[in-house]
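Scroll down for the structure; my scribbles are underneath it.
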Amino acid sequence: MKVLVGVKRVVDYAVKIRIKADKSAVETASVKMSMNPFCEIAVEEAVRMKEKKIADEVIAVSIGPKQAQETIRTALAMGADRGVHITTDARTDQEVQPLAVAKVLAALVEQEQPGMVVLGKQAIDDDSNQTGQMLAGLLDWPQATFANEVTVADDKASVQVVREIDGGLQTLSAPLPAVVTADLRLNQPRYATLPNIMKAKKKKIAKHKAADFGVDLASTVEVVSVEDPPVRQAGQK
Amino acid sequence: MAHQRLPVTIGHFRQYLALINNGSGCLHRTVSSYTQVHAKYCPIQYQSSRRFGLLSRSMQKEEPELTSVRYNVQRGNFARISSEDVAVFEKLLPGRVIADPEELVGYNTDWLRMCRGNSQLLLRPKTTEEISEIMKYCNAHNLAVMPQGGNTGLVGGSVPVFDEIIISTSLMNKIISVDEISGTLVCQAGCVLEALNTHLSDLGLMMPLDLGAKGSCQIGGNISTNAGGLRLMRYGSLHGSVLGLEVVQADGTVLDCLSTLRKDNTGYDLKQLFIGSEGTLGIVTSVSILCPRKPQSINLAILGVSNFENCLKALKEAKGMLGEILSAFEFMDSPCIDLVKANLQLTNPISDMPFYVLIETAGSNGTHDEEKLNLFLEKVLGEGIVEDGTVATDSTKIQSIWAIRERLAEALLHDGYVYKYDISLPLANFYDLVIDMRERVNDIATRTVAYGHLGDGNLHLNITSPTYDHELLEKIEPFIYEWTSRYNGSISAEHGLGFKKKDFIHFSK
C-alpha cells in the first residue's frame, strides 16, 4: 500500500523566536528552518513501514515556498520514494490554515489512493493540531491521533494504534485506510546516511499549485497582531 | 537520546517536545512553541556535567590522594596562613572568605581527579581592586596564592599543590560592554564561556573559541592557558582574538593593557606574554576580545573513514572545496565510539568504521554553503575517501552529533582514571603514536582512545584504567614524550603545562 506523509518546513526548534517589529508575524527572514519535528517522526514511521514491507511506496508532500523542496529532500533522504510540492508564497505559519491544508491533502489522497496518511500531530509554529483530524473528516476516514505505537495488521485491513491521552495510553483499532498523527514517542527519527542523501537528489518531486486541486489557500482568518508573551515576573518570597 | 515516558496528569495537556536525559541522570524537560514562554532550553544538555560537583559526586569513590603525597613534591619556603591573615581577608571581602574544609574539597580537586591540594582558604573577590589588595598583602607576607577560574583545566594547573590560598574569579562575572559593529566584547575574567556566548548570541555575535568545558570554564582561565578548542582552525588562536587585558601582577600592581583597538603598534605588545602564561606572570582580571559574527547557517557532517590516510585526504579536500566556510575538522577513532556507547549510552549515527571525521561548516548563506558541502560530499564519497556518513542541518541533530565528540572527556572519566595527553604532531606521523602506544599498554590499560583537532594537527591521546596505576604510568611516560620529541612535536598542544607537565617542557623546547 502507499503511505502519504505530510512534512512542513518550520522555524528550527532550537531557534529563539523573534517577532517582527510591526507585530504582524514571527520573523522568518534569515532564520534557520527545518522539518517540523513531528513530521520527521511521521516520515520515520512511514519509512519503517516500508522496511517491514507493509508499505511499498512512501510519498512526502509539503505545502510551501520554493525552499519547502529542501524539506521534501530531507524526507526523501530518510527513505521516502517521491515528493509532491504544492507551491505557495503565503506564510505557512499563519496564512495557510489547517482546513486549506486538509483540503489539498484530501484531493491528493483521491489522486494517489494511499492506504494510510501519516502526519505529525501538530506543527511547532502554529500548534494547531487540526490538520490530521480535519483531513479524516473530509475523507470520512477513521483517525488515530497522538500515536505512540502503530501496528498494521497482517492483512493490512486494519491498524492498531496506541494513543497518548491525558489519562494515560489508549489503544484503538481502526480499519484502513486511516489518518494517523504522530506524537513524540512514536519513534526516534534516523540520521539520513550519506549514500541516501545522494540518492535523494535523483528522486522525483512533482510540483503543483493548490488551484490544480481546486483548493483556494487564501486565509479565512485575519491575524490582528503577534506579540511576545509578557515577561515573566518574579515569584513571591 | 533516551525518550522516557512521563506520567500524564489528568486534566492537563502538556506538550513534550523533547525529554533529554543528560549524563548525570537528571531529566531536563524542554517545551517549545511560539505560543508559550520559551522555558529553559538547555542548549547543551551535557554542560552541567563539567561542573565539578555534579560529576565527581556521582562517580565519587574516594578522594584522590593529596598531590603532595602522590607526586613527591616539596613545599616552597612560603609562610603559613594565620588567623590574623584570615581576619584581614574577612575585612577586605566580607562574607566571601571560605575556610570550611568540606566546601573547599571541590576547589582543591581538579576536574580529572588526579590532583588534590590542601588549601585552607578560598577568597572570592568581585573587583580588580580587591584582587590587587589581596596580592599586595600576600606578597608582603610571603603567602602563596593559586588563581582559579572554572577549574576545568586538564593538567592539574587549576588546583593548589599544598596550602596555597585559592583566589577564585567566579564572582567577577560582569559583562562590561559589547560593541555590535566591531564585535568587541569587554568583560571580567570570571565570565563563563557559555554565558558569554548566550549573551552575544542575541546580538548576532559569538565567542571566537569553543570547547567542551564551555559550561564551566571562565574566559580568564581560557586566556591564561591560551585555550584552543574546536574552532581554532576557523577563528585562530587567542593570541589573535584578544585585543586587551587587565592583569594584576604578583605585587598587586594593576597592569592596564585593556585596549579595544584592533590595531595598535605602539610599543611592546605586553598582553601576549600573559596569554598562555598559566597565571605565572599575573592574574587576568578583565578581558577585551574580538568576537566574530554568529553564522547564519551551520551544517555538520560526520563521515566514516576506513583508514587514517583517508582522513588526511578528506582534510585536504575539505580545505580545498569548503575553504572559507570550514569551521571545524575533528577526528575520532573507533574506540571513541565504543567508549561513548558504553559509558554514556550515546548512539552512533552512522555505521561502525575505523575512523570518523566531523566536519562543520559555518557561513552567512545557507544555500551557498549547502551547495559547497554537497559537492564536497559527492567527491569524497565518489572517490571512496569516505565510505559512510550523515549530514545534520537541524539544530537538534547537530547538537547530538557534536555531543559524541564533546563528551569524550566526560565518558573517559567513567572508566576510572584517565591518563590524558595532548600532543601536536606532524600529520604524516600523527596516528603512528597511537598505534605504538596501544601496543605498549593494551595488556594493562582498559582502553586507549585517540581523537582531536585534526585540522590543527592536535592529537588527544587518552588511556584509562579502573584506578590510578603507577605501573601503567611508568609505561606511558616518558615514552610518549620521547616519541613526540623525536618528531619535533609538542608535548602539550593546548592544555598547557600546569602541574602535570611542568617537568617535561624540555621535550619540546
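At full extension, A:Ala21 and A:Glu149 could sit 41.8 nm farther apart than now, given 0.36 nm per residue minus the alpha carbon distance.
Computed log10 I(q)/I(0) for segment B:335-404 at 0.15 Å⁻¹: -0.58, from the Debye equation with unit scatterers placed on every C-alpha and solvent omitted.
Note on the protein assembly as shown: dipole from Cβ charges, positive end direction compared against B:Gly416, B:Leu300, A:Pro177; the farthest Cα belongs to A:Pro177. Helix B:395-406 and the longest principal axis of the Cα set of chain B meet at an angle near 60°. Ignoring lysines fewer than eight residues from A:Lys207 along the same chain, the ones with Cα atoms less than 16 angstrom from its Cα are A:Lys8, A:Lys66.
Computing FRET efficiency as 1/(1 + (r/R0)^6) for A:Thr87 and A:Glu112, where r is the C-beta to C-beta distance and R0 is 25 Å, gives about 0.85.
Counting only Cβ charges, +1 for Lys and Arg and -1 for Asp and Glu, the dipole size of segment B:100-231 around its Cα centre is about 220 debye. A Stokes-Einstein calculation at 25 °C with viscosity 0.890 mPa s, built on the Kirkwood radius of segment A:160-211 over Cα pairs, returns a diffusion coefficient of 162 µm²/s.
Using a Förster radius of 45 Å, what is the FRET efficiency between B:Ser201 and A:Asp166 based on their Cβ-Cβ separation? Nearest 0.05, please.
It comes to 0.80.
Expressed as a fraction of 2.2 N^0.38 Å, the value expected for a compact globular protein of N residues, the C-alpha radius of gyration of chain A is 1.03. If R0 is 41 Å, the Cβ-Cβ spacing of A:Ala234 and B:Ser364 corresponds to a FRET efficiency of close to 0.60. Computed from the alpha carbon atoms alone, the convex hull of segment B:287-440 holds 148 Å³ per residue. Charge dipole (Cα centre; +1 on Lys/Arg Cβ, -1 on Asp/Glu Cβ; no other charges) of segment B:217-280 amounts to roughly 420 debye. Centre-to-centre separation between the Cα atoms of segment A:137-176 and those of segment B:221-237: 53 Å. Remark: the protein assembly as shown carries a charge dipole of roughly 620 debye about the Cα centre, counting +1 on each Lys and Arg Cβ and -1 on each Asp and Glu Cβ. Amide H contacts under 5 Å for B:Gly276: B:Ser224, B:Thr225, B:Asn226, restricted to partners 5 or more places along the chain or on a different chain, H placed in the peptide plane at 1.01 Å from N. Taking the square roots of 5 times each eigenvalue of the Cα gyration tensor of chain B, largest first, gives ellipsoid semi-axes of 36, 28, 25 Å.
With loop membership from DSSP and a limit of 11 other Cβ atoms within 10 Å, the longest segment of chain A without GluC sites (Glu not before Pro) is A:1-221. Extension gain, B:Thr260-B:Ala140: 0.36 nm per intervening residue step, less the Cα-Cα distance, totals 39.9 nm. Dividing the summed helix terms, -39500 (n - 2.57) for each DSSP H run of n ≥ 4, by the number of residues in chain A produces a 222 nm estimate of -7500 deg cm²/dmol to the nearest 500.
For A:Lys2, a cut-off of 15 angstrom between C-alpha atoms picks up these aspartates and glutamates, skipping any fewer than 8 places away in its own chain: A:Glu44, A:Glu45, A:Glu51, A:Asp56, A:Glu57, A:Asp81, A:Glu110, A:Glu112, A:Asp155.
Pairs of Lys residues in segment B:287-419, spaced 8 or more positions apart or belonging to different chains, with C-alpha separations under 21 angstrom: 11 in total.
Projecting the Cα positions of B:Tyr268, B:Ser351, B:Ile176 onto the charge dipole of chain B (unit charges on Cβ atoms of Lys, Arg, Asp and Glu, taken about the Cα centre) puts B:Ile176 furthest along the positive direction. Within the same chain, aspartates and glutamates fewer than 8 places from B:Lys91 are excluded, and of the rest, those with a Cα less than 16 Å from its Cα are B:Glu129, B:Glu130, B:Glu133. Quantify how much of the Cα-Cα distance distribution of the protein assembly as shown extends past 34 Å, in percent. Tail fraction, whole percent: 54. Using only the alpha carbon atoms of segment B:145-270, find the Kirkwood hydrodynamic radius as the inverse mean reciprocal pair distance, in angstroms to one decimal. Computed over Cα pairs of segment B:145-270, the Kirkwood hydrodynamic radius comes out at 15.5 Å. For chain A, return all DSSP H helices satisfying: extent of Cα atoms along own axis at least 18 Å; mean Kyte-Doolittle hydropathy at least 0.5. Flagged H segments are A:98-112.
Which one, A:Val31, A:Val96, A:Val180, has the greatest fluctuation when you compute a Gaussian network model over chain A with C-alpha springs under 10 angstrom? Result: A:Val31 has the largest fluctuation of those listed.
Hey, how many Å between the Cα centroid of segment B:286-361 and the Cα centroid of segment A:1-30? With segment B:286-361 and segment A:1-30 each reduced to a Cα centre, they are spaced 28 Å.
Helical runs (DSSP H, four residues minimum) scored at -39500 (n - 2.57) apiece and divided by the length of chain B put the mean residue ellipticity at 222 nm at -8500 deg cm²/dmol. Each of B:Thr127, B:Gly156, B:Asn139 was placed along the dipole of segment B:113-205 (beta-carbon charges, centred on the mean Cα), and the one lying farthest toward the positive end is B:Gly156.
Note on segment B:303-355: Cα-only Rg and Dmax are 12.8, 37 Å.
Above 13 angstrom, tally the Cα pairs of segment A:31-91 and express them as a % of all pairs, no decimals. Roughly 60 percent, rounded to a whole number. Computed from the alpha carbon positions, the gyration tensor of segment B:206-335 leads to an equivalent ellipsoid with semi-axes of 34, 16, 13 Å, biggest first. Within chain B, what's the longest run with no GluC sites (Glu not before Pro) in a DSSP loop and at most 16 other beta-carbon atoms within 10 Å? Give the range, please. It works out to B:181-382. Taking the alpha carbon gyration tensor of segment A:114-237, multiplying each eigenvalue by 5 and rooting it gives semi-axes of 30, 24, 20 Å, largest first.
Since every read-out is calculated from the coordinates, none of them should be taken as a lab result. If you're wondering where the values come from, they're calculated on a predicted model, not measured in any experiment. Cβ sites come from the backbone with ideal geometry, for glycine too, and all protein chains shown count toward neighbours.
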